[in-house]
1. Return the pairs, sorted by first residue and then second, in which the second residue is within 12 Å of the ligand (Cβ to nearest atom) and part of a loop (DSSP other than H, G, I, E, B), the first residue lies in region 389-406 and is open to solvent by 40 Å² or more (accessible area, probe 1.4 Å), the beta carbons are less than 8 Å apart, and the residues are 6+ apart or on different chains.
2. How many of the residues making up region 94-122 are of a type outside the set (Lys, Arg), open to solvent by 10 Å² or more (accessible area, probe 1.4 Å) and closer than 17 Å to residue 138 by Cα?
3. So residue 468 ticks every box in (1) open to solvent by less than 10 Å² (accessible area, probe 1.4 Å); (2) among the small types (Gly, Ala, Ser); (3) at pLDDT below 95 but one. Which box is left unticked?
4. Quick one: in region 471-504, which of the residues that are under 24 Å from residue 50 (Cβ atoms) and open to solvent by 60 Å² or more (accessible area, probe 1.4 Å) is modelled with the lowest pLDDT?
5. Please list, ordered by first then second residue, the pairs with beta carbon atoms under 8 Å, 6 or more apart or interchain, first in region 345-357 and touching a residue at least 12 places away in the same chain (Cβ under 8 Å), second part of a loop (DSSP other than H, G, I, E, B) and of a type in the set (Ser, Thr, Tyr).
6. Scan region 40-98 for residues that are in contact with a Ser or Thr (Cβ under 8 Å, 6 or more places away or on another chain), part of a loop (DSSP other than H, G, I, E, B) and aliphatic (A, V, I, L, M) and jot them down.
7. If you go through region 219-235 one residue at a time, do you hit one that is of a type in the set (Val, Ile, Thr) and open to solvent by 30 Å² or more (accessible area, probe 1.4 Å)?
Amino acid sequence: MRTLRALRTPALVPEPTQLTALPGRFTFDETTTLRIAPGAHGAAELLRTLLGPATGLRLPERPDGPVVLAVDPALTGLGEEGYGLTVGERGVLLRAATPRGLLAGVQTLRQLLPVEALSEHPVAGVEWSVPCVQITDVPRFSWRGTMLDVSRTFRSVDFLRRYVDLLALHKLNVLHLHLTDDQGWRMPVAARPRLTEIGGHPHGGAYTRAELAALVRHAAERGITVVPEIEMPGHVRAALAAYPSLGNRPDRRLPVWDRWGVCDTVLGVHDEALDFCRDVLDEVMDVFPSPYVHIGGEECPTTEWHASPAARRRVADEGLDGPDALHGWFMERIGRHLLDAGRHPLGWTETGTDLPPYFTVMPWRDSAHGRTAARRGHEVVMAPHRSTYLDYPQSASPDEPPGQPGAVVDLRTVLRTDPAPAHWSPEESARVLGTQAQLWTEYVPTGAHAEYLAFPRLCALAETAWTGRRDWPGFQARLRHHRTRLDTLGVPRRLSPTSVQGEESS
Ligand code: ACM
């Protein structure tokens, strides 16, 4: 009987690329020590941080410890983020070509332990054992992310740290923070204090530089890159409320927007507006080491540019076809600034052809735009709304809390959508970095609500982006067990009416 139990395949999410279940178990106890090779100390620290609260395990270092963490750059088949994990009855060997690969292996080890290991509180009476396995695990895509809109609804740094932990459990590796929009500016900019003083209200607040820097470190320790987004030249009403001269009618005073939708007030195309964007991005790059910096770019009505003598002068001076061409001109100017600073500019694309070719693009309207962009030579992160927008309800049930109208994005749809479909050419597919889910927060008043919308759909996204098998029955079977991990972590299965209406609580 014991052997039968041991040979049951562990229910891991995302599913590893290759897993062989072996007989027997390895048990962690207070005497268990770690053998930590050079480059593996970050993974050792993460293992201790994650397991400590529930298990009380200290896992001290010893040269002959039975749990070995090793970085070996010769393991080239594992890439940047893959790992190999062998669990035998007398020892554990976790290996990767990079420290980052070990971090993914740590999360697998954590999922192999009893569910109680994920508790934040000490748990007594549980044997901390893992089944013997042989795992070789390499992600299909290098970009496995989620965008969180902290502009429409401000989220505390405590919430963000917890969210990062939840992403890391699923081997997601990008947290894209949508920091500015018409309804709120959350990014501190020393040179422009009114952005957060005026633009940070009324819907919440703003972060400090120290908070964001600490978040970036917390994420990096878990293998996650925080990608900042500063919207331009549209979705800037909060900035215009703070600095009216950045707009097209400097005499006009506007409040931070208090409605949802697309607002036709946009940045001017004069030197002051361009200098503003470059100054802001310089501070953003100081805080966020991410190789990619997102500058929005979508939903930018050109009505104001058509009406503005200064904008029309710009059109003439630059020899452009008309005011509509100012959008591409603007994105090129600012994108070039990021490129000169050694970063990759990133933008939302609405057609696949609207951004300069050196931009990495996120097609959000239609997945066909991803293929168009890939053909044009863009790097692509797939973000089509019909399969990756988590602000849409996850079912058509009348019990769902109010969400973005227009579609339902259910779990199966998230799992089923291939970021680089088989009918694309190998060259097109090779330009797809990966995919990410979007959590816009017009209809997400609380942290609990955000987690309710994110999970389990992010489990499906992780499966799609890491494993790429899109095996619905197998995924459902594993998710049944995985859901108990989320329960242990306190991720809500459903929302009470008060938490739908309540204030930010976490
Ligand atoms: C978007 O949905 N505004 C990218």
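1. Sorted first by the residue in region 389-406, then by its partner, the pairs are 404/391; 404/392; 404/440; 404/442; 406/392.
2. 5
3. For residue 468, the exception is condition (1).
4. It comes out as 493.
5. These pairs meet every condition: 345/358.
6. 57, 59, 97
7. To start, the set of residues in region 219-235 that are of a type in the set (Val, Ile, Thr) comprises 224-227, 230.
Right, trim to open to solvent by 30 Å² or more (accessible area, probe 1.4 Å) and you get 225.
Yes, region 219-235 has at least one match.
The values are calculated or read from the model by the stated rules, or taken from the named source; none is laboratory data. Not measured: the values here are computed from a predicted model. Positions of Cβ are backbone-derived with ideal geometry, glycine not excepted, and every protein chain shown enters the neighbour counts. These area figures cover heavy atoms from the full protein model, side chains too; ligands, DNA and RNA do not enter into them. Shrake-Rupley method; radii C 1.70, N 1.55, O 1.52, S 1.80 Å.
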